[in-house]
There are 2 protein chains.
Amino acid sequence: MTRTLSRPERIAWARLARTPRIGPLTFHRLLARFTSASAALEALPRISDAKPPDQSRIGDELDALESMGARLLACCEPDYPPLLAQLDAPPPLLAVRGDVKLLKRPAIALIGAREGSAAALMLAQQIAADLGAAGYVVVSGMARGVDAAAHKGALETGTVAVLAGGLDHPYPPQNLKLHEAIVAKGAVVSEAPFGAVARARDFPRRNSIISGLSRAVVVIEAALRSGSLITARAAGDQGRDVMAAPGSPLDPRARGSNALIKQGATLIESADDIIAALGDGACQRVRSQPVPYSRIVTLNRRQDCRKKSPRCSRRHQST
Amino acid sequence: MTRTLSRPERIAWARLARTPRIGPLTFHRLLARFTSASAALEALPRISDAKPPDQSRIGDELDALESMGARLLACCEPDYPPLLAQLDAPPPLLAVRGDVKLLKRPAIALIGAREGSAAALMLAQQIAADLGAAGYVVVSGMARGVDAAAHKGALETGTVAVLAGGLDHPYPPQNLKLHEAIVAKGAVVSEAPFGAVARARDFPRRNSIISGLSRAVVVIEAALRSGSLITARAAGDQGRDVMAAPGSPLDPRARGSNALIKQGATLIESADDIIAALGDGACQRVRSQPVPYSRIVTLNRRQDCRKKSPRCSRRHQST
C-alpha cells in the first residue's frame, strides 16, 4: 500500500507541510480528510488564512536537494524509515543525503553531553563501533561531545546524523569535517526545509526524529536538566527502550544518566548489554515495508513494543 | 515472651551452640525438640557422637568477655538485635562489646571493596555521616577500604562492626585504632567464640550478620566476583533491600555494583536516595521487643517486607 509520489504530488506535500501553523499532526489530518495534498491545498483558503509557500520555491528546493545528491522522502514512500513511519505523527517529509538504505536497518540512538568527559567519549565511540559490528546503525544528533564520538565510532559500519536545520546548514562548525564523512559513508537527514538555519525551538523535533528512527535511545553521559534527558523522556513516551550508562555519584556530569536509571531506564555498560536489553527480538524486527499510509492516519497507532518487552513496560510504569 | 538467661543456662546454650557439627539451624531444632539447651546437651550422646566443649571453658569465656566489658547475648533475650532475631536461623549467641543499645536502632549496612577508589571511600564516609544524621546506625565489616570509611563516617552517630573472629581478635591490623574507637563509641559484635582467629570460611557467616542486622545492604564499590557481591546476593535472599552506587563502565572496580543494579538492586547516589528507597516506613519499624523465641523456631519465618515494598519485590523477582 506504499507508493512513490510524482514530482507534482511531492511539491504539493511539501507546500502543505510547510504552510505556517500546519504541524505534522494537522498535516496528517488534512491529508486523511481531503485524500490528497493537492485537494487539501485547494480547500485550505476555506478553512484557514495560512498561506502555503509558492510552488516554484518548493520546486527550487527539490532541484537544490537533487543537485547535492539528496532526496525528499514522503512518509508514504517505500524508502521512508519504517520505525519513524510508525509514530503518531511522523514527519511528512524527510530530506535524506547519503546512503538511504541505512534507514531500513535496525538502529540505536546514542546521545549525551556536549561537554562529555574523556571517558564518556571513549565509551560512546567504543559502544558505537561494537553496535556497528553487530549490525546496528548508530543514530545521533551530530552535536559536539558524545554525539560526535558516537558517529565516529560507527562511521565505517553505518551512522545517521539528524540535523535541526536544513541539509545545507550542518551544525556545529567544529563538526563540518565529520559531516562530510557521514555524507560520504552514512546518511544525514533533516525535517527542516532546505536553507533553514537551526533555531533552539527546532531541537525537540530533531530529537524526536533521533528516537523515532531508533529501537532504543542510549544516554552515555548527561547532567541533570540536560537536553539528553529531555530526549530520553520523550523517547520513553514514543515507546522506545531507554537505556543509560552509569557514572560515579560524585561526578555531576553523570547525574542525569543516573537519574534515568533510577526512573527505570536500563543500566548498560556495553553494546552487549544494549543488545541483550532489546529483548527477545520481537521488537527488533523492522518491517521491510513502511506501514500503509492510511493506517498511520486512521489508527493513530504507536509502535507498541511495551506489551512485549518487560523493560519497556518497566520504563513506562515508572514515569 | 523474651527472657533473660541465667549463667548456667547461658553456659548450656554456648556449649550446645559450639558443639562441632551443630550449626545454628540444628541448634534451633534441638532447642525446639528438647525445650532447653541443658536437656538437649543431656540427650546429645544418644543422637550424636559430637562432643560439646567443657563447661569450665565456656565459664572462662564468659568471664573473659565480662572483663573486657562485653556480653554474650542469646537470641531469646530482650537486648538481642530484633532484625537478626527474625532470620530463619539467627546466631544463637552474639558477643557484643560497646553500646548494646545501638543494636535496637534501625540500621543500614554499607559495604564495598577493600581496594576502593578514593572517590568510593569519600562517598562511603559521606553517606555514612548522612545516614547517621538521619538516625540510622551504620553496620559494616571493619575491613580496609569502604568498610573502614563507612565506620569512620558514622563514628559519632552510631556504628556497629561485625567481626569474623572472636572479640579479642579484631582484624585487620591496619584498623586496630578504628576498632578501639568503635568499641568506645559504637559496638563490635561477633558470633565467633572468644579466642577464635578468623578463617576464610568464617566470613560468609560474618556477612550474613552484617545484612541480618540491617534494613538494607548498600554496596558502594565492588568488582565482579567480589565478597561484597556475594554478601549483597545473600542479603537479597534474607529479604533485605539491596542497593548499590553506580560507577563508570570503564572502571573495573565498579563492575560488580553496576551488575547488582542490572539485576534489580536500587541505584543510589546519596543517603537521601537510600532513605527514600526504604519506602513507606512499613519495613522501617523495628520492634522494641525481639520476636518470641518459640515463634522463631516453630514458624521458621523470615522478615517478610517483600509483600509491602515494591522495591523488595522487584529485587526478589529479578534474582
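The values are calculated or read from the model by the stated rules, or taken from the named source; none is laboratory data. Given the structure is predicted, the values throughout are model-derived calculations rather than measurements. Don't worry about glycine lacking a Cβ; one is built from the backbone with ideal geometry, like all the others, and counts go over all protein chains shown. Areas reflect the complete protein model, heavy atoms only, side chains present, ligands, DNA and RNA absent. Shrake-Rupley method; radii C 1.70, N 1.55, O 1.52, S 1.80 Å.
When both bridge partners sit in chain A, DSSP labels roughly 30% of those beta bridges antiparallel. Once Rh is set to the Kirkwood radius over Cα pairs, what Stokes-Einstein translational diffusion coefficient, in µm²/s, holds for the protein assembly as shown at a temperature of 4 °C and a viscosity of 1.567 mPa s? Taking Rh from Cα pairs, D becomes 47 µm²/s.
Normalised by the number of residues in chain B, the mean separation of alpha-carbon contacts (under 8 Å, six or more apart) gives a relative contact order of 18 percent. Averaged over the residues of A:163-170, the number of partner chain Cβ atoms lying within 10 Å of the residue Cβ comes to 0. In this Cβ point-charge picture (+1 for Lys and Arg, -1 for Asp and Glu), the stretch A:33-85 has a dipole of about 280 debye about its Cα centre. Each other copy places its own label point for B:A134 at 3.5 nm from this one, sorted shortest first, where the point lies 7 Å along the Cα-to-beta carbon line.
Note on exposure: A:S67, A:S214 ranked by accessible area (1.4 Å probe, complete protein assembly) read A:S67, A:S214, with the most exposed listed first. Kirkwood radius for the stretch A:60-150, taken over all pairs of different Cα atoms as the inverse mean of 1/r, rounds to 14.7 Å.
For the stretch B:44-104, the alpha carbon positions stretch 40, 32, 12 Å along the principal axes, listed from largest to smallest.
Largest first, the residues B:E42, B:E180 sort by 1.4 Å accessible area into B:E42, B:E180. For chain B, what does the convex hull of the Cα positions come to per residue, in cubic angstrom? Here the figure is 122 Å³ per residue. Taking a cut-off of 17 Å between Cα atoms, list the aspartates and glutamates near A:K177, but don't count ones fewer than 8 places away on the same chain. Of all the aspartates and glutamates, those that pass the test against A:K177 - Cα under 17 Å, at least 8 places apart if same chain - are A:D147, A:E156, A:D168. With the charge dipole of the protein assembly as shown set up from +1 on Lys and Arg Cβ and -1 on Asp and Glu Cβ about the Cα centre, the Cα lying farthest toward the positive end among the listed residues B:M243, B:G145, B:V197 is that of B:M243. Distances between equivalent label points of B:A32 across the copies, with each point positioned 7 Å along Cα→Cβ, amount to 6.5 nm, shortest listed first.
Residue-level result for chain A: its Cβ closest to the axis carrying A onto B, with that distance in Å, is A:P246, 2.
Estimated from the Cβ-Cβ distance and a Förster radius of 35 angstrom, the FRET efficiency linking B:D63 and B:A134 is about 0.35. Placing +1 on the Cβ of every Lys and Arg and -1 on the Cβ of every Asp and Glu, with no other charges, gives the stretch B:154-228 a dipole of roughly 220 debye about its Cα centre. Here the relative contact order of the stretch B:134-241, from alpha carbon pairs under 8 Å that lie six or more residues apart, stands at 24 percent.
Can you list the copy-to-copy distances for B:P204, using a point 7 angstrom from Cα toward Cβ, in nanometres, shortest first? The answer, with the shortest distance listed first, is 5.6 nm. Over the C-alpha atoms of the stretch A:1-80, the Rg to Rh ratio, Rh being the Kirkwood estimate, stands at 0.96.
The accessible area of A:V146, taken with all protein chains in place and a 1.4 Å probe, comes to roughly 0 Å².
The trypsin sites (Lys or Arg not before Pro) of the stretch A:1-78 meeting both criteria, a DSSP state outside H, G, I, E and B (loop) and at most 10 other C-beta atoms within 10 angstrom of the site's C-beta, are A:R21. Can you grab the distance from the C-alpha centre of the stretch B:179-217 to the C-alpha centre of the stretch A:1-72, Å, no decimals? With the stretch B:179-217 and the stretch A:1-72 each reduced to a Cα centre, they are spaced 74 Å.
Accessible surface of A:M68, taken over heavy atoms with a 1.4 Å probe and every protein chain present, rounds to 50 Å². Cα centroid separation, the stretch B:83-158 to the stretch A:92-167: 45 Å. Given a 1.4 Å probe and the protein chains as shown, B:R199 ends up with an accessible area of around 110 Å².
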